[in-house]
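*Asks:* This structure is in structure tokens; I'll ask about it shortly.
The values are calculated or read from the model by the stated rules, or taken from the named source; none is laboratory data. Predicted model, so just to flag it, every value in this text is computed and none were measured. The accessibility values were calculated without ligands, DNA or RNA, using every heavy atom of the protein model including side chains. Shrake-Rupley method; radii C 1.70, N 1.55, O 1.52, S 1.80 Å.
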Amino acid sequence: MTPLLFRDIPGFVMYFGSYEILLDLLSQKRSRAEVGPLATVFAGGFAGMISWASTFPFDVIKSRMQADGNSGNFLYKGAVDCFVQNYKTSGLRGLFSGLGPTLLRAFPTNAVIFYVYSLVSDLFKECPLTLTTDMD
């Protein structure tokens, strides 16, 4: 659970924070209603890449701990031990093993996520839902 928290909490801060900053930069100070889909796609794609790049070592540790014990032998006593052992054997490079393919996957995935989010968000602005609580 610890590596997951160390990955997800700062990861989502970086994800949404960088999206907002990039969208502001790409929109050239226009209102959000005037932001085109291309700005949303690029801001979302790069936000996903920034998020993964900033927290990737924690994902590596999380994945290695999840796979630990599959063969019946446990190698790690916890998250810190997993980090130390992996750092000793592979160095900093080992903590970023697989980052390239992850970043290649992150851009299109997150570009689509934010684009669809903006479409659905605009749809709800045009057609607001009204909820009634009448039980009669």
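*Asks:* Taking Gly36, is it of a type in the set (Gly, Ala, Ser) and at pLDDT 90 or above?
*Replies:* Considered against the rule, which asks whether it is of a type in the set (Gly, Ala, Ser) and at pLDDT 90 or above, Gly36 comes out as no.
*Asks:* Which residues, counting only those in segment 84-136, are open to solvent by less than 90 Å² (accessible area, probe 1.4 Å), over 20 Å from the mean Cα position of the chain (by Cα) and closer than 25 Å to Gln66 by Cα?
*Replies:* Val84, Gln85, Asn86, Ser90, Gly91, Gly94, listed by residue number.
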